[in-house]
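Okay, structure first, notes after.
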Amino acid sequence: MTLLSQLLLVSGFVKGLYAIRTAVERELLGLEAEPVPAEAEDSYYLSPEEITRSRFGATRDDLHVVSDGNTIQYLPNGDKFMPRIYEIISAAKEHDFIFLACWELNEEMILDPRPGDAAHNEKTKLINAFDAARLRGVEIKILYTWGLASGGSYAEGVCERVNKRLGANICILDNRHGHASTGSSHMKVWAARLQGHLVAFSGSMDTSSGRFDTADHCGLEDPKVCLEPTDAVHRYAWHGSMYEIQGGAAEDILTTFVARWNDPVKPQGHKNLPILPSVQEMLSGWETDLPEVLLPKDPEQVSVQVVRTVSCSGTTEKWLSPISNLFQNFAPSGEYTVAASWYKSLSKAKKYIFVADQFMHFDEALAAVIEAAAHVDFVIILTDKAQQYLYFDLPLLGKQQIDTKVWETAIQYHQWQAIVEAAAKKDPTGELGKKLHMFSLMREDKDGSNAEDQIYDHEKTLLIDDEFALVGSAGVERASFTNDNEVSIAVESKTWVQKLRKKIFAEFLLLDPSDPVLESPDSAFGEWMRQADLGTERVRHYNPNGDVGLVNQWLSDGIYNFVEPDGRCGKDHEDQWPGTWGYETSE
């Protein structure tokens, strides 16, 4: 047994003890929920009453319930997002600010890589762009999550180097989340004020090693990708997505960042962390024209509801822990509006469901997808096979590759449990399972036999009926739904959501978004199936392996309990989890 396997066995035993305590909480999904308020019946959005219920009686006064008049730009892949961030940083002037909250960061990332232009590449490195902005009088703040499962000593090194270059209290290691050791602050948000005008970004992409890619997804064969720093894992093609937002939703994202920064409980090692002024103070007193860099390419205005996961467990007193009683300034009992939005929107599905996430193994969330499948024509589930290698350069031995088969086994086993087995239990006839179609992404003409063949899909996307989208940092994981700090945006708009579906599908199906086959969900689904049946295109049929044996089941459960902490509270707070909310699925 490998050292990694032994460590995971130990961690599984320790986390198993915790799982005993949280077993009661999982039973709470069966609790009868209050009826849905009448004013929320016709909308996918959560009503004020539903938001309050997801916060266990605490009203959410710091954010809009729903904000109108937002513009949103879809930025798929690093080559769309990172050069855009460089434009924003470069446009910032004296008295402007740039705030960032991330799960991972590499300050050496080249934001706008150009093969053969060394001077430009050096100039557009993240740390150099930040330093140039600092010299112009721009305020920079970074919240970098810290924990055993998120960054560890790597994060410490990044913040140390950033602060040495930019100044004290710029990059803050932050373990103020549900479980300080194994959880994380997983939100990936930027907020920038440019001459009094606010722009924010939210999504699934960190500015870090392995994240820069183009829509061609050639991996390390791409000359731009080859310029970027690499790490021990991410040596394959990568798809992620970010959303650029202007309007009230951008203000809600900034408000969330400020609330996190200003938490009365200071991060470890930062007892004298300065307090940021209120958002109202930050945005008032400016009367300037909209900078050209912020003129939206897509001027369509849409309504947006910002939803969050804020751990209940993080709000409680923890014996001998300096990280206790968190979030009292904005979510004193936690917040589960991500979960509430997920369950409510799925209950309204009538035609199709598209859901994409890297892990796709939280059984309680996927139970709602399976329930809704009975009332739609088809469900597309896009996820990853968890193929990974660790790469090292060792003295005398040179480059070494280690297969992390135990990780692949664990992820696939829990995917199988949450989707394949659950659907079969729900409907033993198999008819329901026929509506659930699982796919993964591979580079064209690759056989998918090794990690380098894959296109790792890191987006977190839920689309329903060309009417509703839920996108952001929250994946289909227990940690994302219950424990980690997450921010996503919900958008209800027939035109905007249809355009988003066309853009997402076009990249995966190697089509133009204007292709007639993408016009309707039905014809687009037919193209998915046609290409997947070929077995040589990007879209591939995927069936996770559930036949792993008893020992691997135990190992898989240990891994799952380590990387997916449950941030719900115990029996004394039995109202802390809204469960499926009692929503009836559409007939």
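Could you list, in their original order, any pairs among K351/K494; K460/K502; K224/K503; K344/K502 whose Cα atoms are separated by more than 18 Å?
Flagged as over cut-off: K224/K503; K344/K502.
Using Cα pairs under 8 angstrom and six or more residues apart, how large is the relative contact order of the chain, in percent?
Normalised by residue count, the contact order of the chain is 21 percent.
Take the alpha-carbon positions of region 184-278, form their convex hull, and give its projected area averaged over all directions (one quarter of the hull surface) in nm².
In nm², the orientation-averaged hull projection of region 184-278 is 8.6.
Please give the solvent-accessible surface of K123 in Å², to the nearest 10, using a probe radius of 1.4 Å with every protein chain present.
K123 exposes around 130 Å² with every protein chain in place.
Kirkwood Rh over Cα pairs of region 231-270 into Stokes-Einstein at 37 °C, 0.692 mPa s: D in µm²/s?
The Stokes-Einstein estimate is 240 µm²/s.
What full-extension length gain, to one decimal in nm, is calculated for Q553 and D533 as 0.36 nm per residue of separation minus the Cα-Cα distance?
Full extension of this stretch gives 4.1 nm more.
Please compute, for the alpha-carbon atoms of region 446-503, the extent along each of the three principal axes and give them in descending order in Å.
40, 32, 14 Å, listed from the longest principal axis down.
Starting from the Cα of H120, step 7 Å along the direction of its Cβ; do the same at A232; then give the gap between the two resulting points in nm.
Distance between label points: 3.5 nm.
Could you work out how much longer the chain between V265 and K499 gets when fully extended? Use 0.36 nm per residue separation minus the Cα distance between them, nm to one decimal.
80.0 nm
Considering all alpha-carbon pairs of region 411-471, what whole percent are spaced by more than 15 angstrom?
The proportion of pairs with Cα distances above 15 Å equals 68 percent.
Go ahead and run the numbers for FRET between E431 and A215, Cβ-Cβ distance against an R0 of 41 Å, rounding to 0.05.
0.65
Would you work out the charge dipole size for the chain about its Cα centre, treating the Cβ of every Lys and Arg as +1 and the Cβ of every Asp and Glu as -1, and quote it to the nearest 20 debye?
1380 debye
Measure off 7 Å from each Cα along the Cα-to-Cβ vector at S520 and D289, then give the distance between these two points in nanometres to one decimal.
Each label point is offset 7 Å from its Cα along the Cβ direction, giving 4.7 nm.
Over what distance in Å are the Cα centres of region 244-264 and region 310-357 separated?
Going from one Cα centre to the other spans 17 Å.
State the volume of the convex hull built on the alpha-carbon positions of region 54-96, expressed per residue in Å³ and rounded to an integer.
Taking the convex hull of the Cα positions in region 54-96, it is 161 Å³ per residue.
Any chance you could list the semi-axes, whole Å, largest first, of the equivalent ellipsoid that the Cα gyration tensor gives for region 396-497, using √(5λ)?
They are 29, 21, 17 Å, listed from largest to smallest.
Can you give the Rg to Rh ratio for region 106-198, taking only C-alpha atoms and Rh from Kirkwood?
Expressed as Rg/Rh, it is 1.02.
At a Cα cut-off below 28 Å, give the lysines reachable from K164, other chains included and same-chain residues fewer than 8 away excluded.
List returned: K93, K123, K125, K141, K188, K266, K271.
Tally up the carbon and sulfur contribution to the accessible surface of the chain as a whole percent, 1.4 Å probe, everything protein left in place.
54 percent
Could you state the accessible area per residue of region 55-133 in Å², with a 1.4 Å probe and every protein chain left in place?
35 Å²
In region 499-570, how does Rg compare with the Kirkwood Rh, expressed as the Rg/Rh ratio over alpha carbon atoms?
My calculation of the ratio gives 1.23.
Under 12 Å Cα-Cα from K80, which aspartates and glutamates qualify once same-chain neighbours fewer than 8 residues away are excluded?
Output for K80: D112, D213, E244.
How big is the convex hull of the Cα atoms of region 214-341, per residue, in Å³?
225 Å³
For region 147-235, take N as its residue count and report Rg(C-alpha) divided by 2.2 N^0.38 Å.
So the Cα radius of gyration is 1.30 times the expected 2.2 N^0.38 Å.
Quick test of the membrane-span-like rule: which DSSP H helices of the chain reach at least 30 Å along their long axis (C-alpha atoms) with mean Kyte hydropathy at least 0.0?
3-27
The values are calculated or read from the model by the stated rules, or taken from the named source; none is laboratory data. None of the values given here were measured: they were computed from a predicted structure. So basically every Cβ, Gly included, is an ideal-geometry build from the backbone, and we count neighbours across all protein chains shown. Ligands, DNA and RNA are stripped out before the accessible areas are found, and what is left, the full protein with its side chains, is counted by its heavy atoms. Shrake-Rupley method; radii C 1.70, N 1.55, O 1.52, S 1.80 Å.
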